[in-house]
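Written below as structure tokens is the structure these notes are about.
The values are calculated or read from the model by the stated rules, or taken from the named source; none is laboratory data. These figures come from a predicted structure and were not determined experimentally. Here the Cβ positions follow ideal geometry from the backbone for every residue, glycine too, while neighbour counts run over all protein chains shown.
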Amino acid sequence: MAVKKRVEMPTQDPMIRRTNFDEVALGYTEEMAREEASRCLNCKKPLCVEGCPVSVDIPRFIELIKEGKFQDSIDVVKSTNSLPAICGRVCPQENQCEAKCVLGRRGDPIAIGRLERFVADWEMAHGKSEIPNVSKTGKKVAIVGAGPAGLTCGGDLAKLGYDVTIFESLHEPGGVLMYGIPEFRLPKSIVKTEVDYVKKLGVNIELDFIVGRTLTIDEIFAQGFEAVFVGSGAGLPMFMHIPGENLNGVYSANEYLTRINLMKAYLFPEYDTPIVSGKKVVVVGAGNVAMDSVRCALRLGAEKAMIVYRRGREEMPARAEEIHHAEEEGVEFHLLANPVRIFGNDKGWVTSIECIRMELGEPDESGRRRPVPIPGSEFVMEADTVVMALGTSPNPIIVNTTDGLSAHSWGGLIVDEETGRTKRPRVWAGGDAVTGSATVILAMGAGKTAAKDIHEYLSSGSEDW
């Protein structure tokens, strides 16, 4: 029997959306959501739940959508996920819950992420968040970083009765949700609404507070906190270390996106945050951050927005949907090419970038075929802006100011994967601070894992570590 096709979500026309920062995907109507929900088989042993890092009861919330019980549906989601509107927009469901969906064996899997977004958006428009009544434990937990890992950990612990304080280094909570993901993929109003929900659960957020500078973790313990979760992310950008990388007009993707998103450079001069609005922009890399950067460049007025990537199409790590949207909007892809130097003028501004052609050899440690330069194949591309989207690593400030923590050579904190425990007693860690750049939902899963273990540890009264 043929499987009914999934209900596609409406989007802005590509030629219109490339000129604005409004959300690309427009969301389901109630009728669309119920029609898509009706495709669910309601499996007795739902494999989709196994693919969800935050253990959402997927069949139940979808069944409630089918019945038109939207508030009940979002209540089910929020019992394990405090950030559903965010997850429904930016999580790679195709590699997680939807990848496990039985319908995917014969056709299109259920659009789990789109349905999660629908009920979260429905609640914002029509419903009201129910804040659970909890008995206070009288115990204080500190969290470093108000990104997805920290917000999830904090929300879960608040529901268990702990007094939670999140210490955030930036002037807005949200972490990568605010500074890294563009408005057209994740509106900042959505992030603020979800953060407000976490605050309503009882979580206190201290802004402009750099743990390791304002106070160390030892000093935080001295204030009466009984546990610390480090979810400080991975904000240290990587560069290629090629000639010309220090020219004006060369950005890390981290700086480029932070200026545009958190500091609202796309609204200049309403917000006085300058950014180079290049006419010929080259973005190096092919992950989600690279797609975000190159699509921002288009919206800032670039005549040519180009991706340069040293591997081929099949090896690109970005979500297929993001690549497709970039192609629709007119982004140029220069694959199997790698920069070797950047040229500038006598005033120190970028004028062009030299690349070399690559071919794919044997697989490397990532499982992808290793790119190998082709001698004599160098070529030059005109460019006035270059954005390096090569990944990020954790800032070393916390490990350098905290005795007992251990980190990998590249900066990621070493933890027990089952619990999130570090080598230092009563300190847990998770998210990008442990893994390096990864997905929002994996960071949330790590925050949930740590919250569970923190609760078990503090409620046991044990001193064993």
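Which count do you get for residues in region 394-433 that are touching an Asp or Glu at 6+ places or on another chain (Cβ under 9 Å) and in a helix (DSSP H, G or I)?
The number of residues fulfilling the criteria is 1.
Among residues belonging to region 322-340 that are assigned to a helix (DSSP H, G or I) and of a type outside the set (A, V, I, L, M, F, W, C), point out the one that is nearest to ARG18 (Cα to Cα). Steps first, answer last, please.
Kept after step one, since they are assigned to a helix (DSSP H, G or I), are these residues of region 322-340: 322-329.
Checking which are of a type outside the set (A, V, I, L, M, F, W, C) leaves us with 322, 324-325, 327-329.
Working: GLU322: 13, HIS324: 13, HIS325: 10, GLU327: 11, GLU328: 9, GLU329: 6 Å.
Taking the candidates together, the pick is GLU329.
Looking at (1) closer than 27 Å to VAL90 by Cα; (2) at pLDDT below 95, find the lone condition where GLY361 falls short.
(1)
State the number of residues belonging to region 133-176 that are more than 19 Å from THR449 (Cβ to Cβ) and of a type in the set (Phe, Trp, Tyr).
Total meeting the criteria: 1.
Which of the following residues is in a loop (DSSP other than H, G, I, E, B), small (Gly, Ala, Ser), outside the structural domain of THR435 (by TED's automatic domain parsing) and more than 26 Å from the chain's Cα centre (by Cα): GLY376, GLY361, GLY367? Steps first, answer last, please.
Working: GLY361 fails: in a loop (DSSP other than H, G, I, E, B); GLY367 fails: more than 26 Å from the chain's Cα centre (by Cα).
Exactly one residue qualifies, and that residue is GLY376.
Any idea which of (1) touching a Ser or Thr at 6+ places or on another chain (Cβ under 9 Å); (2) closer than 25 Å to PRO53 by Cα; (3) in a loop (DSSP other than H, G, I, E, B); (4) of a type outside the set (Val, Ile, Thr) is the one TYR457 doesn't satisfy?
With (1) touching a Ser or Thr at 6+ places or on another chain (Cβ under 9 Å); (2) closer than 25 Å to PRO53 by Cα; (3) in a loop (DSSP other than H, G, I, E, B); (4) of a type outside the set (Val, Ile, Thr) applied to TYR457, the lone miss is (3).
Enumerate the pairs (first residue in region 156-185 and in the same structural domain as ASN204 (by TED's automatic domain parsing) and over 29 Å from LEU257 (Cα atoms); second residue anywhere and surrounded by 21 or more Cβ atoms within 10 Å (Cβ to Cβ) and charged (D, E, K, R)) with beta-carbon separation below 7 Å, excluding pairs fewer than 6 apart on the same chain, so at least 6 apart or on different chains.
ASP156/LYS448
Of the residues GLU219, GLU255, GLU245, which single one is charged (D, E, K, R) and touching a residue at least 60 places away in the same chain (Cβ under 8 Å)?
On the way: GLU219 fails: touching a residue at least 60 places away in the same chain (Cβ under 8 Å); GLU255 fails: touching a residue at least 60 places away in the same chain (Cβ under 8 Å).
The match here is GLU245.
If we keep just the residues of region 29-42 that are within 17 Å of LEU103 (Cβ to Cβ) and surrounded by fewer than 15 Cβ atoms within 10 Å (Cβ to Cβ), which is modelled with the highest pLDDT?
Ranking the candidates gives SER38 first.
Being out of contact with any helix residue (DSSP H, G or I) (no Cβ under 9 Å at 6 or more places or on another chain) and farther than 13 Å from CYS153 by Cα is the filter; apply it to region 439-461 and report the residue that is modelled with the lowest pLDDT.
Filtering region 439-461 for residues that are out of contact with any helix residue (DSSP H, G or I) (no Cβ under 9 Å at 6 or more places or on another chain) and farther than 13 Å from CYS153 by Cα, the one modelled with the lowest pLDDT comes out as GLY461.
For (1) in contact with a Ser or Thr (Cβ under 8 Å, 6 or more places away or on another chain); (2) closer than 25 Å to VAL434 by Cα; (3) in the same structural domain as LEU336 (by TED's automatic domain parsing), each residue gets a yes or a no:
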{"position": "PHE221", "(1), (2), (3)": "no, yes, no"}
{"position": "VAL228", "(1), (2), (3)": "no, yes, no"}
{"position": "ASN248", "(1), (2), (3)": "no, no, yes"}
{"position": "GLU255", "(1), (2), (3)": "no, yes, yes"}
{"position": "LYS264", "(1), (2), (3)": "yes, no, yes"}
{"position": "THR273", "(1), (2), (3)": "no, no, yes"}
{"position": "ASN288", "(1), (2), (3)": "no, yes, yes"}
{"position": "ALA302", "(1), (2), (3)": "yes, no, yes"}
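Scanning for something in contact with a His (Cβ under 7 Å, 6 or more places away or on another chain), modelled with pLDDT of 95 or more, in a loop (DSSP other than H, G, I, E, B) and assigned by TED's automatic domain parsing to the domain that holds VAL440, does region 122-145 turn up at least one residue? Break it down into steps so the answer makes sense when it comes.
To start, the set of residues in region 122-145 that are in contact with a His (Cβ under 7 Å, 6 or more places away or on another chain) comprises none.
Scanning region 122-145 turns up no residue that is in contact with a His (Cβ under 7 Å, 6 or more places away or on another chain), modelled with pLDDT of 95 or more, in a loop (DSSP other than H, G, I, E, B) and assigned by TED's automatic domain parsing to the domain that holds VAL440.
State the number of residues belonging to region 84-143 that are acidic (Asp, Glu), surrounded by fewer than 18 Cβ atoms within 10 Å (Cβ to Cβ) and within 24 Å of the chain's Cα centre (by Cα).
In the first step, residues of region 84-143 are kept if they are acidic (Asp, Glu); the result is 94, 98, 108, 116, 121, 123, 130.
Next cut, surrounded by fewer than 18 Cβ atoms within 10 Å (Cβ to Cβ) only: 94, 108, 130.
Among the residues that remain, those that are also within 24 Å of the chain's Cα centre (by Cα) are: 94.
Matching residues across region 84-143 total 1.
Would you point out which residue out of ALA318, ALA305 is under 15 Å from ARG185 (Cβ atoms), touching a helix residue (DSSP H, G or I) at 6+ places or on another chain (Cβ under 6 Å), buried (at least 19 other Cβ atoms within 10 Å of the Cβ) and free of Cβ contacts under 8 Å to residues at least 60 places away in the same chain?
Numbers: ALA305 fails: under 15 Å from ARG185 (Cβ atoms).
Step by step, each of ALA318, ALA305 is checked, and only ALA318 is under 15 Å from ARG185 (Cβ atoms), touching a helix residue (DSSP H, G or I) at 6+ places or on another chain (Cβ under 6 Å), buried (at least 19 other Cβ atoms within 10 Å of the Cβ) and free of Cβ contacts under 8 Å to residues at least 60 places away in the same chain.
In this structure, does GLY287 turn out to be closer than 30 Å to GLY361 by Cβ, surrounded by fewer than 21 Cβ atoms within 10 Å (Cβ to Cβ) and in contact (Cβ under 8 Å) with a residue 60 or more places away in the chain? Steps first, answer last, please.
On the way: closer than 30 Å to GLY361 by Cβ: yes; surrounded by fewer than 21 Cβ atoms within 10 Å (Cβ to Cβ): yes; in contact (Cβ under 8 Å) with a residue 60 or more places away in the chain: yes.
In short, yes.
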